[in-house]
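Q: Mind looking over this structure? Questions follow.
The values are calculated or read from the model by the stated rules, or taken from the named source; none is laboratory data. Quantities reported herein were computed from a predicted structural model and do not represent experimental measurements. Heads up, the Cβs are rebuilt from the backbone with ideal geometry, glycines too, and the neighbour counts pull from every protein chain shown.
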């Protein structure tokens, strides 16, 4: 028996080490509650329902965390986000909204508050996030791709919400609601910046993941990779502010590469 235990000792040590590492990578919700109360409660509310005392003054309402529904994810439509998705939002904020970058929070505080935010949604205790969407390399912005992308924009009737010129003024733009009954307007694509990031891959991900909780669906089952990249490039053509990856792999700004 002693010999058998001795043989098993390295295995047990390996298991304990693995558990220890996993726990080290997980935030402490108890500390996260303190971080949340200092920085998040005024907007997102004590119950994580998005009804903090400042929320009524905001046109873009704070996220209600209780359903575990998040727009900005690397995971497929309907999936929970990865912790790294939530951390991305904390670090970068959401452009054009009241959600600022929280770069002042250290990594430990970010992980702790993420752990606490997840306690508001029972889904996190019973489900695991799906694997992230695979985003192929940007084949490069070109006038030809933009022209094809304009046809894709028409084919999928994007102008119904976003308007013919991408300004968010399509015939269906008024009266839209999110899953919580809040008014929501289609994004003005001519701003030269999307809420979730500056890269072409950020725009591509929106097409494939959709924006959970909003009228923006996923096109993962209908949009080919080629059409998706052409649509990305068409959207980028709407503003000189978008940073464009050229066919040669460099970066360019302006309406043409």
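Q: With the condition kept exactly as written, say whether any residue in the stretch 127-143 is without any contact (Cβ under 8 Å) to a residue 24 or more places away in the chain and assigned to a helix (DSSP H, G or I).
A: At the first step, the residues of the stretch 127-143 found to be without any contact (Cβ under 8 Å) to a residue 24 or more places away in the chain are 134, 137.
The next check asks that each one be assigned to a helix (DSSP H, G or I); those that pass are none.
Within the stretch 127-143 (the criterion being without any contact (Cβ under 8 Å) to a residue 24 or more places away in the chain and assigned to a helix (DSSP H, G or I)), the answer is no, since none of the residues qualifies.
Q: Continuing with the same structure: Any residue at all in the stretch 183-193 that's closer than 20 Å to residue 145 by Cβ, out of contact with any strand residue (DSSP E or B) (no Cβ under 9 Å at 6 or more places or on another chain) and either modelled with pLDDT of 95 or more or not assigned by TED's automatic domain parsing to the domain that holds residue 242 (or both)?
A: Yes, the stretch 183-193 has at least one match.
Q: State the number of residues belonging to the stretch 109-126 that are out of contact with any helix residue (DSSP H, G or I) (no Cβ under 6 Å at 6 or more places or on another chain) and either over 24 Å from residue 35 (Cβ atoms) or assigned to a helix (DSSP H, G or I) (or both).
A: Selection size over the stretch 109-126: 4.
Q: While we're looking at this one, here's another question. Can we say residue 232 is surrounded by fewer than 21 Cβ atoms within 10 Å (Cβ to Cβ) and either part of a helix (DSSP H, G or I) or under 19 Å from the mean Cα position of the chain (by Cα) (or both)?
A: Answer is no for this residue.
Q: Determine which member of the set 38, 30 is touching a helix residue (DSSP H, G or I) at 6+ places or on another chain (Cβ under 9 Å) and modelled with pLDDT of 95 or more. So that I can check it myself, show each step before the final result.
A: Working: 38 fails: touching a helix residue (DSSP H, G or I) at 6+ places or on another chain (Cβ under 9 Å).
Of 38, 30, the one residue that is touching a helix residue (DSSP H, G or I) at 6+ places or on another chain (Cβ under 9 Å) and modelled with pLDDT of 95 or more is 30.
Q: OK, next. Evaluate the stretch 79-91: report whether one residue or more is out of contact with any strand residue (DSSP E or B) (no Cβ under 9 Å at 6 or more places or on another chain) and under 25 Å from residue 190 (Cβ atoms).
A: yes
Q: Quick test of your reading of the structure: residue 60 fulfils all but one of (1) modelled with pLDDT of 95 or more; (2) surrounded by fewer than 18 Cβ atoms within 10 Å (Cβ to Cβ); (3) assigned to a loop (DSSP other than H, G, I, E, B). Name the failing condition by number.
A: All conditions are met except number (1).
Q: Please state which one of 175, 249 is touching a strand residue (DSSP E or B) at 6+ places or on another chain (Cβ under 9 Å), on the phi > 0 side of the Ramachandran plot, at pLDDT below 95 and in a loop (DSSP other than H, G, I, E, B).
A: Exactly one of 175, 249 is touching a strand residue (DSSP E or B) at 6+ places or on another chain (Cβ under 9 Å), on the phi > 0 side of the Ramachandran plot, at pLDDT below 95 and in a loop (DSSP other than H, G, I, E, B), namely 175.
Here's the yes/no breakdown for (1) closer than 30 Å to residue 220 by Cβ; (2) surrounded by 14 or more Cβ atoms within 10 Å (Cβ to Cβ); (3) at pLDDT 95 or above; (4) not assigned by TED's automatic domain parsing to the domain that holds residue 219:
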| site | (1), (2), (3), (4) |
| --- | --- |
| 19 | no, no, no, yes |
| 76 | yes, yes, yes, yes |
| 95 | yes, yes, no, yes |
| 111 | yes, yes, yes, yes |
| 114 | yes, yes, yes, yes |
| 118 | yes, yes, yes, yes |
